[in-house]
Every structure is written in C-alpha cells, then in structure tokens.
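Read through the structure below, which is laid out as structure tokens, and then see the notes.
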Amino acid sequence: MITIDVLPSREARVQFPAALERFRAEGSAAMPLVFGAHRKPEAVVIPFELYQELLPVIEEIEIARIVRERKASGKAR
C-alpha cells in the first residue's frame, strides 16, 4: 500500500506550484497532491495526463452507479 502525505489546505496552496512542476516533469507518474482539513484526505490534484488515462474507468464507475440507482428504484430494464 502506498503512503501518501495529506497536507493541510494552507500547505497545499504553498505546494501547488511545485506539484505543477512535478506534473510537467513526470507526467502521469507524478505523485498527486492530497489535502484536507486536519490532514484528513478530502481532495486530490492529479496530472491531467493521468486524468485522461483514468477517464474511461471513471465513466464505467459512473455508469455502474446509475445502474445500481435504477435497480434500487425499480426503474431498471
């Protein structure tokens, strides 16, 4: 399991330029910027290249969510 540092929101703002540099240099392999209140992970910034790679998976997850909702409401066909 990968350990990721969760930055407080204020620190994330400071680290944002360095994260963008990392994204440019390392592309989709760059570590994301994870932040949230009290170091509880609430949001993540990833390289756009990685987002593009993940988009088909994200779409499949969204479709599965819609199917589950429709089944639960009795609207599935």
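Between Phe16 and Ile61, what length in nm is gained on full extension when 0.36 nm per residue of separation is reduced by their alpha carbon distance?
13.4 nm
In a GNM of the chain with a 10 Å cut-off on Cα contacts, which of Leu54, Leu33, Leu20 has the highest mean-square fluctuation? In the Gaussian network model the winner is Leu54.
Counting other Cβ atoms within 10 Å of each Cβ, which GluC sites (Glu not before Pro) in the chain have at most 13 and sit in a DSSP loop?
Working: sites: Glu11, Glu21, Glu26, Glu42, Glu49, Glu53, Glu59, Glu60, Glu62, Glu69; in loops: Glu42.
The qualifying sites are Glu42.
Rolling a 1.4 Å probe over the protein chains gives Arg65 an accessible area of about 80 Å². A 1.4 Å probe run over the chain, with the rest of the protein chains in place, finds 83 Å² accessible per residue.
Averaging the Cα positions of each part gives two centres, and for the range 17-32 and the range 43-70 these lie 20 Å apart.
Using C-alpha pairs under 8 Å with a sequence gap of at least 6, the mean separation divided by the residue count of the chain gives a relative contact order of 25 percent. When the chain is treated as a Gaussian network with alpha carbon springs shorter than 10 Å, the biggest mean-square fluctuation among Ala19, Ala64, Ala43 belongs to Ala64.
The values are calculated or read from the model by the stated rules, or taken from the named source; none is laboratory data. As the structure is a prediction and not an experimental result, all values here were calculated from the model. When we count neighbours, we look across all protein chains shown, and the Cβ atoms used for this are built from the backbone with ideal geometry, even at glycine. Calculation scope for accessible area: heavy atoms of the full protein, side chains included, ligands and nucleic acids excluded. Shrake-Rupley method; radii C 1.70, N 1.55, O 1.52, S 1.80 Å.
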